[in-house]
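Data first, discussion second: the structure below is written as structure tokens.
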Amino acid sequence: MKKLLGIMILTVVSLSISLGQTQKPEKKPDKTQPVAEKVSSNSSAEQELIKLDKEWGEAGLHGDAAVLEVIVADDFMGDSPTGAQTKAQHIAEAKTNAPDITNATYTADEYTVRFLDPNTAVMTHRASEKGLKKGTEYTAQHRSMHVWVKRGGKWQVVASQATPIPQKSTP
């Protein structure tokens, strides 16, 4: 009888151990994914940022300092093939270049917006400009990356990097 009781206890303990091991382990957060993947995209905020970016592009092309003053943050840091820029330098360059540019169009597409948190977003896109610069036709394309921050309920760009897309030569 003692032998049978021992076998039953051993069976129950073995069964308990084996059942305990078949439970699914607790899922830990995936730390290999960037934080941005964990913040849900807000479609209206994304559309607002795309609209602001297009306004910024048009304002820069036409030297519209009033629009640039609102969209570009006071602590703006810009970097492009012409060098690093503050907000004041960015606006001054736009105002200086605008009189030489006529019949110009600015088109931006291929947008990607990633929210790091509800008040910070990173945007990438492609932009194209076409027009006349000092009477000569020109076409230019670039890829950009911008960091947008929402302050006081308004989105502003705090950092920007632009890289020219080389023009394909025609044979």
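Structure above, values below:
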quantity	calculated
Enumerated strands (runs of 3 or more DSSP E) restricted to region 74-144, each holding at least 1 residues that are modelled with pLDDT under 95 and under 18 Å from residue 55 (Cα atoms)	101-117, 120-133
Residue within region 161-171 that is of a type in the set (D, E, K, R), more than 17 Å from residue 50 (Cβ to Cβ) and not in a strand (DSSP E or B) present	yes
Candidate set from region 108-120 (those that are closer than 21 Å to residue 141 by Cα and surrounded by 13 or more Cβ atoms within 10 Å (Cβ to Cβ)); member that is nearest to the chain's Cα centre (by Cα)	113
Residue pairs meeting the criteria (Cβ under 6 Å; at least 6 apart or on separate chains; first surrounded by fewer than 18 Cβ atoms within 10 Å (Cβ to Cβ), in region 65-81; second assigned to a strand (DSSP E or B) and of a type in the set (D, E, K, R))	none
Any hit, region 91-114, residues being in contact with a helix residue (DSSP H, G or I) (Cβ under 9 Å, 6 or more places away or on another chain), without any contact (Cβ under 8 Å) to a residue 24 or more places away in the chain and among the basic types (Lys, Arg)	no
Residue that is nearest to residue 136 (Cα to Cα), among those in region 42-101 that are more than 22 Å from the chain's Cα centre (by Cα) and charged (D, E, K, R)	100
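The values are calculated or read from the model by the stated rules, or taken from the named source; none is laboratory data. Treat the numbers as computed from the prediction; the structure is a model and nothing was measured. For neighbour counting, all protein chains shown are included, and Cβ atoms are generated from backbone atoms with ideal geometry for every residue, glycine included.
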